[in-house]
Amino acid sequence: MSDGHPRTSKKWVANAVKGKLVDKPTYRASEMMSDIRREYDICIPYHQALWGKEVAVSSLYGDFRTSYHMLNWYSERALQSNPGSILSLEVDPETQRFKRFFICFEASAYGFEVGCRPMLFLDGTHIKQHRVQGVILAASALNGNNELFTVAYSITDSETYDNWVWFLQILKKTLLSDRRIAFLSDKGRGLKEAIPDIFSNDHHSYCFQHIMHNFNDQCAGKYAAPFKKLLRKILQRIAYAVTEQEYEDAMMAMELNSADAKEWVLQNDIEHWSHAHFPGQRTSS
């Protein structure tokens, strides 16, 4: 046994961790290094763990480049087996390289219409794979059991206004009725402008957890913990006030405690997150 071994090739590493990758797709190279040291008493460098993971992933799921080449085939087969679905694949006209891909299965559109509240949560998340850069944009709903229900999603190069407009334009085609929808988001990049451009008759609400996080970072963070806690409670009163009087009372309390905090509230699109001022419906009836 030693801190290293001439036969610990990336293929050996791949075979050693392949089973764990099946159970845990997010298995990290640093975790692989620790497990191999514990199980085999061998130290491997980070780059060797990373290469071994790539070999294992390629062996289990195929090559990433090949997968992108198969998207046209996948789209055709998906539409054959799921008639009524909407899939849209775009490539760069000059390089013919992948640009963005939208997926909404007919069952998902129908499920949203008949089994979910008229609310859609919009969010983007980065693809955490160093060879494949991009962002997943998704529209999700809540079903009758308060469980997340994915309606549509897409893979794009980044979270921008143009990509959100493209996503929302196709999403609008998938909806089976013209019932009014409340969109909820964390003020993602480009969404503030994209939603009214595409869904002009619907309303956009901001996630209050995101508002609270910004409030802590930009305003309340400079105060001592007890006073910060008080301001947070007042902010909750402002957000959940149902009547105009409740809203005014909460704003007065904020002003009496911190004029800066009240100014922060007024400058942060309160009509998108306070019940008393939001024109749409943020909860189910």
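The values are calculated or read from the model by the stated rules, or taken from the named source; none is laboratory data. These numbers were taken from a predicted model, which means no experiment stands behind them. We place every Cβ from the backbone using ideal geometry, glycine too, and count neighbours over all the protein chains shown. Side chains are part of the model used for accessible areas, which takes the heavy atoms of the whole protein and leaves out ligands, DNA and RNA. Shrake-Rupley method; radii C 1.70, N 1.55, O 1.52, S 1.80 Å.
Some notes on this structure:
- Apportionment of accessible area to carbon and sulfur, the range 185-241, percent (1.4 Å): 49 percent
- Greater than 19 Å apart at Cα, pairs in Lys192/Lys229; Lys24/Lys99; Lys24/Lys53; Lys192/Lys233; Lys192/Lys262; Lys187/Lys222: Lys192/Lys229; Lys24/Lys99; Lys192/Lys233; Lys192/Lys262; Lys187/Lys222
- Percent of Cα-Cα distances greater than 26 Å, calculated over the chain: 60 percent
- Per-residue ellipticity at 222 nm from helix content only, as computed over the chain with -39500 (n - 2.57) for each DSSP H run of at least four residues, stands at -15000 deg cm²/dmol.
- Of interest is the spacing of the C-alpha centroids, which for the range 161-210 and the range 96-158 amounts to 13 Å.
- Between helix 29-40 and the chain: long-axis angle, C-alpha atoms, 0 to 90°, nearest 10: 50 degrees
- In Å², nearest 10: area of His69 left accessible to a 1.4 Å probe: 150 Å²
- Of the GluC sites (Glu not before Pro) found in the range 38-127, those that fall in a DSSP loop while having at most 16 other beta-carbon atoms within 10 Å are Glu94.
- Cα long-axis angle, helix 10-23 against the chain (0 to 90 degrees, to the nearest 10): 40 degrees
- Probing with 1.4 Å while keeping every protein chain in the model, the per residue accessible area of the range 1-74 equals 69 Å².
- Per-pair calculated FRET efficiency, R0 = 41 Å: Tyr161 and Lys233 via Cβ, rounded to 0.05: 0.70
- For the range 82-137, carbon and sulfur atoms together expose 51% of the accessible surface, with a 1.4 angstrom probe and every protein chain in place.
- To the nearest ten degrees, helix 106-115 and the longest principal axis of the Cα atoms of the chain are 30 degrees apart.
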